[in-house]
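Here is the structure we will look at.
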Ligand SMILES: C[S@@+](CC[C@H](N)C(=O)[O-])C[C@H]1O[C@@H](n2cnc3c(N)ncnc32)[C@H](O)[C@@H]1O
């Protein structure tokens, strides 16, 4: 397994500074990865262990996570969808040159035709609107298109904005799933504020032992 802690060392994630920005402005007004570094390291382990070669991120903020994962893994296919919200704050959205990009709501018909054109994807990360109805809708749409895994950010649902993801994840009983849940060390916490859930429609596909996972 590669040393992802080292490879991610220069990438800013959600740390105390980001938390301060969020507390003041209600958004992290910066080009950073909106992830718990420990969970991102484990996600990279998952991508390596399961040989993920194609990736779609739904909800990309400034694109920093897409850029970082593509830098690390050089996906054969990389795609991103976002509503362009970061631009309202004067931030740019920057994606890898090879990336297919749709700027539209993930629940739109434009998304569905774009997604159909992408074909098979190994991993789709759903990290857009975190309300219960929206996550469920993104799941129902994306499960219809060929993929290996659907992942959901913020399954811990520790804030009013993310508790819909926790509810959605708690209700998802079919197929197989793992949870990447690590203490949010950069916030000095012993628990997570985020959590990533990964789902496969087939039972038995996901084996928690293959990556550093805290909860099954
Ligand atoms: C939490 S941020 C994504 C963070 C990013 N995945 C990362 O890990 O750094 C959520 C993004 O999704 C976008 N978004 C929210 N609802 C959306 C929707 N329905 N369709 C497309 N993008 C949406 C927001 O504007 C924002 O840019």
Would you compute, from DSSP H runs of 4+ residues alone, the mean residue ellipticity of the chain at 222 nm, taking -39500 (n - 2.57) per run and dividing by the full residue count, rounded to the nearest 500?
-9000 deg cm²/dmol
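How high is the relative contact order of the chain, given as a whole-number percent (alpha carbon pairs under 8 Å, six or more residues apart)? Before the final figure, lay out the partial values.
Details: 408 pairs, mean separation 40.1, N = 216.
In percent, rounded to a whole number, it is 19.
Just check the range 50-158 against the gyration tensor rule for me: Cα atoms, a ≥ b ≥ c as the square roots of the eigenvalues, rounded for a/c under 1.5, and otherwise prolate or oblate depending on whether a/b exceeds b/c.
Because its axes are fairly even, with a/c under 1.5, the range 50-158 counts as rounded.
Averaging over every viewing direction, what projected area does the convex hull of the Cα atoms of the chain cover, in nm²?
11.0 nm²
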Please find, in a Gaussian network model of the chain (springs between Cα atoms separated by less than 10 Å), the residue of 165, 124, 28 whose mean-square fluctuation is greatest.
28
At 10 °C and 1.306 mPa s, what whole-number value in µm²/s does Stokes-Einstein give for the translational diffusion of the range 1-114, with Rh from the Kirkwood sum over Cα pairs?
106 µm²/s
Burial ordering of 25, 173, fewest other beta-carbon atoms within 10 Å first:
173, 25
Max mean-square fluctuation residue, GNM over the chain, Cα-Cα springs under 10 Å, options 91, 56, 123
91
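Here, each number is a calculation from the coordinates, and none is a lab measurement. All of these numbers come straight from a predicted model, not from anything done at the bench. No Cβ is skipped: glycine too gets one built from the backbone with ideal geometry, and neighbour counts run over all protein chains shown.
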